[in-house]
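Below is one structure, written out as structure tokens, with a few remarks after it.
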Amino acid sequence: MTSGTPQLSLYNTLTRKKEPFVPIDAANVRMYACGPTVYDFAHIGNGRMAIVFDLLFRLLRQVYGPDHVTYVRNITDVDDKINARAARDFPGLDLNEAIRKVTEKTAAQYQSDVTALGCLEPTIQPRATDNIEQMQTLITALIKRSHAYEANGEVLFEVGSMPDYGKLSGRNPEDNLAGARVAVDAHKKNPADFVLWKQSSAEEPGWDSPWGRGRPGWHIECSAMSERYLGQLFDIHGGGLDLIFPHHENEIAQSRCAHGTHAMANVWMHNGFLQVEGEKMSKSLGNFFTIAQLLETTDFGGRKWPGEVLRLAMLMTHYRQPIDFTVAQLQLSEAKLKQWYEAVFEHSPMPTSWWEHLNGTGAYLPPSQELIAALSDDLNSHLALSFLDRTARPSSASEAAQLASDLHFLGFDMESFWETCRLAMGEITDKGEIDGLVAARGEALANKDFATADRIRAELAEQGIALMDSKDPETGERRTKWEIKR
Ligand code: AMP
Ligand code: ZN
């Protein structure tokens, strides 16, 4: 930690308190977040989870140094919904291969979606199907230590073998399950025992194992991947609120019992849920939106939304609170971004690139201390944004450069935003159209039709597009470049 850096404190679901964060090893701060199950395109709720843990990743990199943080976000690519889709979309193909085909596409889409939301790439993004061997090793250890047993073609974790099972969620699984599905679960010692490995039929994807050809349960995947990349005990484990029980509770049970450790991760962090226009997001209510849909279609509020607007809308609410995702909130977030960007551009007007004002080197400045202090208080993004509001009237190019750097640190990249925003608002239609108009003007000039050429130039200027003519030094031909001005 650099001197003068405020103490970072994080709310820990395990202790139900905000606590000072002390890494196990400041030279390698380790965090794991449960990523998406890639059976389909990611929805905007998944986007919130990606943004929340990206913000934490950025903060940790700032505090401990970019090379001293390892962020693992997994991809769950074995799941019954994926199997169903693979069988539907690739009938006749070997199922293991078919699920690869489904998930390669959805995983790539996820990556491009969250990049558009301003998320840095995690250090490692392991896939469950690349870690089957590690899962089997863990299951073997659990059987050996009498925490797991085989029954009815399954390997099950025995919750009764762990005295403090349920500590994270504070739930008593027996109360929850009393009377439920007892007949179905007759092979279990306790109805709350959960699956580590299950047999696969010939039509289902599977891997050979000491317990027959089968596939892993969901929880064991994260225990195996976190151990492989972060070790048996690491700093932070996160995901959405829905994962506290049973997923994270069961991850803890597996990892601790397999390794005989007192903890799996020191801090457990959970983001609140996202609902849309006041209602739980669901396909049947017609308020279910994928990230790609918001970016690329006009399905929500009749227009496309730049990724940065979506990101800011999320950051306006503290990560532990529920978010109501509304068109009005996106409009507000866009107005705020425009105000900030205008403030920066004011002091570094194009065509001089604004980043040339940054120390004269083009490099961003370190983020403001106030910004880091706000985020260090359990990621208080609301406070961080109100600090930006206060600095949004820079009186010099260097203050503008600081504002630009703070925005960059938070994941807002004004170069792309400015263009996307204007495209989205219909102020400019698209690049192809501009290129077409520029070419038409060139033709008019060549034909000495100056009236047309002037009209096109004026039309573009009205849309905020400036043209710059120059001559090719060798051929003497006219070259026209265009750029978007404020
Ligand atoms: P899933 O693909 O459903 O396993 O979810 C991937 C991640 O997104 C998990 O960390 C979930 O907790 C999180 N998540 C899913 N739905 C929402 C939602 N509506 N709001 C916020 N986070 C969510
Ligand atoms: Zn997980």
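The values are calculated or read from the model by the stated rules, or taken from the named source; none is laboratory data. In this text, all values refer to a predicted model and were calculated from it rather than measured experimentally. Methodologically, a virtual Cβ is constructed for each residue, glycine included, from the backbone with ideal geometry; neighbour enumeration extends over all protein chains shown. Heads up: the accessible areas ignore ligands, DNA and RNA and are worked out on the full protein's heavy atoms, side chains in. Shrake-Rupley method; radii C 1.70, N 1.55, O 1.52, S 1.80 Å.
Quick look at the values:
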| item | result |
| --- | --- |
| Cα gyration tensor shape for the stretch 271-311, rounded if a/c is under 1.5, else prolate or oblate | oblate |
| Computed helical MRE - 222 nm, the chain, DSSP H runs ≥ 4 contributing -39500 (n - 2.57), nearest 500 | -13000 deg cm²/dmol |
| Ranking by accessible area, most exposed first, for Arg390, Arg311, Arg61, Arg256 with a 1.4 Å probe | Arg390, Arg61, Arg256, Arg311 |
| Rounded to 5, the percent of DSSP beta bridges in the chain classed as antiparallel | 55 percent |
| Shape of the stretch 9-271, Cα gyration tensor, a/c cut at 1.5 | oblate |
| Relative contact order (percent, whole number), the chain, Cα cutoff 8 Å, 6+ residue spacing | 15 percent |
| Rounded if a/c under 1.5, otherwise prolate or oblate - the stretch 431-484, Cα gyration tensor axes | oblate |
| Accessible carbon and sulfur surface of the chain relative to its total accessible area, %, 1.4 Å | 50 percent |
| The chain - charge dipole about Cα centre, Lys and Arg +1 at Cβ, Asp and Glu -1, debye rounded to 20 | 680 debye |
| Probe 1.4 Å, protein heavy atoms only - accessible area per residue of the stretch 431-484 in square angstrom | 66 Å² |
